[in-house]
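Asks: Mind having a look at this structure? Questions to follow.
The values are calculated or read from the model by the stated rules, or taken from the named source; none is laboratory data. Computed from a predicted structure; not experimentally measured. Cβ atoms come from the backbone with ideal geometry, glycine included; neighbour counts cover every protein chain shown. Side chains included, ligands, DNA and RNA excluded: accessible areas come from the protein's heavy atoms. Shrake-Rupley method; radii C 1.70, N 1.55, O 1.52, S 1.80 Å.
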Amino acid sequence: MSVPVSLSAKGPFRVAVSAGGSLLFTLACISAGAPASAQESYSQDRSFPEISRFNMQNVSWMTLSPAGDQLYMVQRGTPAVSIWTLDGRLVSSWSTDWLGEPHSLSFQKTAKGEIFAWITDMAPPNTAGGAFGHCIKKFTPDGNYLGSIGVCGADSQGSSLDPIQFDKVTDVAFDANGLMWVTDGDVGGLNNRVLSLDPETGKVLQVWSAPDNKAGTGPGQFNLPHAITTDHCNRIFVADALNNRVQIFEQDGTFLQQLQCFGTLGVYGLALGNDAATSAQLFVSSSTTTFTGAGNVQIFPVSADCKAPLPVENGCQGAANIAISLPQGTSGSALHNIAVAQQGSAFFIAPLGGNLSPQKWTRTPSGQ
């Protein structure tokens with residue numbers, strides 16, 4: 001019988017390394033966590049989205065707008081980016097010649113109040129030209145291309161740090177200090193690493209990985225790091241897909257906790273709901289690694305205390321566990337990404353399943 005565990009480190013456990021540095025770590029203790037709070041329930045909103053005039057094509061990612069009132073959807077087709085209301089009405093869309101195989105979209109809000117959309121152009125499809133793949137591209141929210149980090153191109157993949165070069169880069173997040181955090185590495189890629197960068201210069205500030213960027217199972221090591229997010233404490237949450245876990249760190253690389261609560265499912269998506277000084281929840285989407293469409297969404301209370309030794313105090317005892325089985329699409333499907341409405345009132349699933357539409361699940365009022 002297997003028991004889900006939460007791996008935690010309460011001492012000065014560090015995994016951050018500088019470019020070219022070595023990685024040292026000490027094993028932490030294992031704990032099953034405390035009992036959970038009352039379970040929450042969600043039900044699918046089958047009216048979402050209204051798609052009578054929209055052609056879904058491998059929806060890879062969904063992200064809330066900075067104001068939280070709209071949903072940006074990324075797909076591997078035309079249009080590449082579409083904007084929707086939270087109840088599923090299409091607002092606008094934009095296409096671009098600058099994307100080959102978009103994977104994720106993240107927003108940056110600068111100290112000057114500027115808003116930028118960063119899209120990971122993960123790898124070029126077979127028909128792509130020289131300007132696609134293995135880089136991160138910067139756009140205005142309405143689709144004007146502004147530049148890239150990393151060299152883009154079918155044969156540009158690499159592991160260089162100066163200048164930075166990616167291979168099948170998967171996701172981007174920004175912390176409260178404006179630093180960019182990147183997960184770099186997908187199936188068959190060269191890299192399994194997390195990096196922090198200066199978004200203005202592309203300079204690498206930290207690298208977390210196993211030696212030579214190989215897949216690893218230790219703290220601060222990864223096997224297909226697929227998604228990343230940060231909270232108001234500048235804690236870093238990483239979906240370590242093929243290690244079937246979430247790893248949590250402080251901004252300087254101090255390892256805080258591991259959530260290994262997902263069995264053999266790949267951990268592909270994560271997002272924070274109601275990230276504030278009073279309360280927060282971590283939403284995690286996991287799915288079969290063979291992309292059969294079966295998976296779960298689990299929701300964990302996150303401590304608002306930035307000095308808490310364990311960000312997820314109850315460990316693997318999540319507040320909710322929702323089993324989801326996606327319908328069959330024109331290609332394999334998975335709970336590839338999750339986005340969360342403010343206050344955790346709803347979550348959205350990007351299925352990456354050919355012609356499949358994204359899903360919306362709404363919190364059920366207590367007592368219903």
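Asks: Do you know which residues across the range 222-239 are without any contact (Cβ under 8 Å) to a residue 40 or more places away in the chain and buried (at least 23 other Cβ atoms within 10 Å of the Cβ)?
Replies: 222
Asks: Scan the range 190-209 residue by residue and report those that are assigned to a loop (DSSP other than H, G, I, E, B) and either touching a residue at least 60 places away in the same chain (Cβ under 8 Å) or among the aliphatic types (A, V, I, L, M) (or both). Steps first, answer last, please.
Replies: Initially, the range 190-209 is screened for residues assigned to a loop (DSSP other than H, G, I, E, B), giving 190-192, 198-203.
Residues satisfying the conditions are 190, 199.
Asks: Further, regarding this structure: If I ask for residues that are modelled with pLDDT under 90, open to solvent by 20 Å² or more (accessible area, probe 1.4 Å) and of a type outside the set (Val, Ile, Thr), which ones from the range 124-155 would you list?
Replies: Correct list: 124, 125, 126, 128, 129, 130, 131, 132, 154, 155.
Asks: The conditions are (1) free of Cβ contacts under 8 Å to residues at least 60 places away in the same chain; (2) open to solvent by less than 10 Å² (accessible area, probe 1.4 Å), and residue 323 fails exactly one of them. Which is it?
Replies: It fails just one condition, (2).
Asks: For residues that are in a loop (DSSP other than H, G, I, E, B) and not small (Gly, Ala, Ser), scanning just the range 354-363, find the one that is farthest from residue 283 (Cα to Cα).
Replies: 355
Asks: Among residues belonging to the range 327-353 that are part of a loop (DSSP other than H, G, I, E, B) and open to solvent by less than 10 Å² (accessible area, probe 1.4 Å), point out the one that is nearest to residue 87 (Cα to Cα).
Replies: Only one residue fits best here, namely 341.
Asks: Look at residue 245 and say whether it is among the charged types (D, E, K, R) and within 26 Å of residue 277 (Cβ to Cβ).
Replies: In short, no.
Asks: Collect the residues in the range 85-123 that are in a strand (DSSP E or B), surrounded by fewer than 23 Cβ atoms within 10 Å (Cβ to Cβ) and of a type in the set (Phe, Trp, Tyr), keeping them in residue-number order.
Replies: 94, 107, 116
Asks: OK, next. Assess whether residue 301 counts as being in a loop (DSSP other than H, G, I, E, B) and open to solvent by 10 Å² or more (accessible area, probe 1.4 Å). Reasoning before the result, please.
Replies: Values: in a loop (DSSP other than H, G, I, E, B): no; open to solvent by 10 Å² or more (accessible area, probe 1.4 Å): yes.
Considered against the rule, which asks whether it is in a loop (DSSP other than H, G, I, E, B) and open to solvent by 10 Å² or more (accessible area, probe 1.4 Å), residue 301 comes out as no.
Asks: Run residue 281 past the list (1) touching a helix residue (DSSP H, G or I) at 6+ places or on another chain (Cβ under 6 Å); (2) not in a strand (DSSP E or B) and report the number of the one that doesn't hold.
Replies: (2)
Asks: Have a look at 242, 195, 179 and point out the one that is under 22 Å from residue 102 (Cβ atoms), modelled with pLDDT of 95 or more and open to solvent by 40 Å² or more (accessible area, probe 1.4 Å). Explain how you work it out, then say what you get.
Replies: On the way: 195 fails: open to solvent by 40 Å² or more (accessible area, probe 1.4 Å); 179 fails: under 22 Å from residue 102 (Cβ atoms).
From the options 242, 195, 179, the qualifying one is 242.
Asks: Ok, one more. Can you tell me which condition residue 276 does not meet? The list is (1) in a loop (DSSP other than H, G, I, E, B); (2) under 17 Å from the mean Cα position of the chain (by Cα), and all the others hold.
Replies: Of everything listed in (1) in a loop (DSSP other than H, G, I, E, B); (2) under 17 Å from the mean Cα position of the chain (by Cα), residue 276 misses just condition (2).
Asks: Could you list, in sequence order, the residues of the range 146-155 that are touching a Gly at 6+ places or on another chain (Cβ under 7 Å) and either within 17 Å of residue 193 (Cβ to Cβ) or part of a strand (DSSP E or B) (or both)? Break it down stepwise before answering.
Replies: Pass one, the range 146-155, residues touching a Gly at 6+ places or on another chain (Cβ under 7 Å): 149, 152-154.
Correct list: 149 only.
Asks: Just one of the numbered conditions (1) of a type in the set (Gly, Ala, Ser); (2) more than 18 Å from residue 190 (Cα to Cα); (3) within 14 Å of the chain's Cα centre (by Cα) is not true of residue 227; which one?
Replies: Among (1) of a type in the set (Gly, Ala, Ser); (2) more than 18 Å from residue 190 (Cα to Cα); (3) within 14 Å of the chain's Cα centre (by Cα), the lone unmet condition for residue 227 is (2).
Asks: Can you tell me which residue is nearest to residue 182 (Cα to Cα) among those in the range 245-261 that are open to solvent by 10 Å² or more (accessible area, probe 1.4 Å) and not in a strand (DSSP E or B)?
Replies: So the residue we want is 251.
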